[in-house]
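This report concerns only the one structure given below.
The values are calculated or read from the model by the stated rules, or taken from the named source; none is laboratory data. None of the values given here were measured: they were computed from a predicted structure. Here Cβ is always computed from backbone atoms with ideal geometry, including for glycine, and neighbour counts include all displayed protein chains. Each accessible area value is taken on the protein alone, full model and side chains, heavy atoms only, with ligands, DNA and RNA left out. Shrake-Rupley method; radii C 1.70, N 1.55, O 1.52, S 1.80 Å.
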Amino acid sequence: MTMAPTDRGANETIFTLEATQLKFGNGAVEELDWELKRLGLRKILLVADPRLRRLGITERVTEIIARAGVEISVFESILVEPTIESLGEAAAFASSQDVDGFVALGGGSTIDTAKVANLIRSHGGAIIDYVNAPVGGGRKPPSPLRPLIAIPTTSGSGSEATTVAVLDIPEFKMKTGISHRYMRPTLAIVDPELARTTPGAVTASCGLDVVCHAVESFISRPFDARPRPATPDDRPPYQGSNPVADIWSLKAIEFGGHFLERAVRDGNDLEARGTMMLGATMAGIGFGTAGVHIPHACAYPLAGLKHSYSAPGYETSHNFVPHGFSVIVTSPAVFRFTYDAAPDKHIQAAELLNAGPIANPGPDSLPDTLIRLMKAVGAPSGIAELGYGEEDIPALVQGALKQQRLLVGAPKPIDAAGIEAVMRQSLRNW
């Protein structure tokens, strides 16, 4: 008997979960050779953070790859917070290599570089063709990319579990991204021992990114509040909060509240560093399905408009705003603004970060909890500390408004006036 289709109305009724395979634990990187054999790879491009060579990590990984009998080419010209030019260099190198897979070894910048190199090696074209509209062409890769194994060495971006690569376009004075389900790595090997040498300030920025990812995705517009797409191919990677994504996001929030301060204080605290690395991947699964919104939309112009902030802990010759700091500075004001859209979720997130109940819960509970965490790990106090003043707010507002791909996921609509209010409140959080 054939059942007639029901009238589902104009709104979405379906959500999907597409997650990276995960291998986690101390010493997990030692199984890379087995994974390469399992995937049937014969020659790979290792995209590696150059700092890791001085620490002996790159040599260790190349020896593991050699055990598998896999040929290897190495690319190490990674720029922290990559630009379209630095990604172009990586893509050109990858296109010159006859490789059937990729391994990314490093933080979010390295993994994002490998994603874009894999995209161009697999399907050609210019990077700007794939950048999210309206900044770029919004071109979709027509078929899956080559296998990519991501091995993070920081506890933050969650790029090992997401569909997104973030890039700076200096010509436009803004950051944006490329996003498609085919960009998601095939496998994430998360080994806490690899994060032991990460400076505390880097761990702080990365960990605040984890927290912001998780809270934003948990407090995002519900998936069934979106219009139903014309075809499954038009369903966006960032689908809105849903019961499955919430599970991943809530656990990542809890980990941030319990372990971030410890991870920042002591690189040898493998429980804290490892749990934050796992939290980064879990938040990546959560926001990779549900999406991020206003803090990340504000973060892109904050990172791209000026380059006057000298980031502590990062080995780089140029000034830049670390991604975790660029997202966290506006989050207290944002979650004060979004409170009335989902009060219970805001309080639940605040209690998880607080590692206990909140007295007299209300609109300031989550902002105040975030500010306490920011202070504890040495984050900038606001956008003024990043080099911005009131005179910059109009340009920051316009930059954020260009991130409509993200803003549509906010739990309540926000316009130019709302973003301006967020920026003004975020000049100094304390």
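Restricting the stretch 391-407 to residues that are hydrophobic (A, V, I, L, M, F, W, C) and under 25 Å from residue 226 (Cβ atoms), which is surrounded by the fewest Cβ atoms within 10 Å (Cβ to Cβ)?
Within the stretch 391-407, the first condition is being hydrophobic (A, V, I, L, M, F, W, C), and the residues that meet it are 393, 395-397, 400-401, 406-407.
Subset that is under 25 Å from residue 226 (Cβ atoms): 397, 400-401, 406-407.
Details: 397: 20, 400: 29, 401: 15, 406: 26, 407: 21.
In this case the residue turns out to be 401.
For residue 263, only one of the following conditions fails: (1) farther than 20 Å from residue 332 by Cα; (2) touching a strand residue (DSSP E or B) at 6+ places or on another chain (Cβ under 7 Å); (3) open to solvent by less than 10 Å² (accessible area, probe 1.4 Å). What is its number?
Result: residue 263 fails condition (2) only.
Is one or more of the residues making up the stretch 346-356 modelled with pLDDT of 95 or more, in contact with a Gly (Cβ under 8 Å, 6 or more places away or on another chain) and over 22 Å from residue 279 (Cα atoms)?
no
Scan 338, 316, 369 and give me the residue that is hydroxyl-bearing (Ser, Thr, Tyr) and surrounded by fewer than 21 Cβ atoms within 10 Å (Cβ to Cβ). Let's see the steps before the verdict.
On the way: 338 fails: surrounded by fewer than 21 Cβ atoms within 10 Å (Cβ to Cβ); 369 fails: surrounded by fewer than 21 Cβ atoms within 10 Å (Cβ to Cβ).
Of the residues listed, the single one that is hydroxyl-bearing (Ser, Thr, Tyr) and surrounded by fewer than 21 Cβ atoms within 10 Å (Cβ to Cβ) is 316.
Of the residues 117, 92, only one is among the small types (Gly, Ala, Ser), buried (at least 16 other Cβ atoms within 10 Å of the Cβ), within 26 Å of residue 317 (Cβ to Cβ) and at pLDDT 95 or above; which? First the steps, then the outcome.
Details: 92 fails: buried (at least 16 other Cβ atoms within 10 Å of the Cβ).
Checking each option against the conditions leaves just 117.
Given (1) more than 15 Å from residue 284 (Cα to Cα); (2) more than 15 Å from the chain's Cα centre (by Cα); (3) touching a residue at least 40 places away in the same chain (Cβ under 8 Å), where does residue 142 come up short, assuming only one miss?
That leaves (3) as the condition not met.
Right, residue 194: over 21 Å from residue 286 (Cβ atoms), over 18 Å from the mean Cα position of the chain (by Cα) and surrounded by 22 or more Cβ atoms within 10 Å (Cβ to Cβ) or not? Even if it seems obvious, please write down each step before you answer.
Details: over 21 Å from residue 286 (Cβ atoms): yes; over 18 Å from the mean Cα position of the chain (by Cα): yes; surrounded by 22 or more Cβ atoms within 10 Å (Cβ to Cβ): yes.
Answer is yes for this residue.
Only one residue in 111, 128 is β-branched (Val, Ile, Thr), assigned to a helix (DSSP H, G or I) and in contact with a Gly (Cβ under 6 Å, 6 or more places away or on another chain), so which one is that? If you could, list the steps in order and put the result at the bottom.
Values: 111 fails: in contact with a Gly (Cβ under 6 Å, 6 or more places away or on another chain).
Result of the check over 111, 128: 128.
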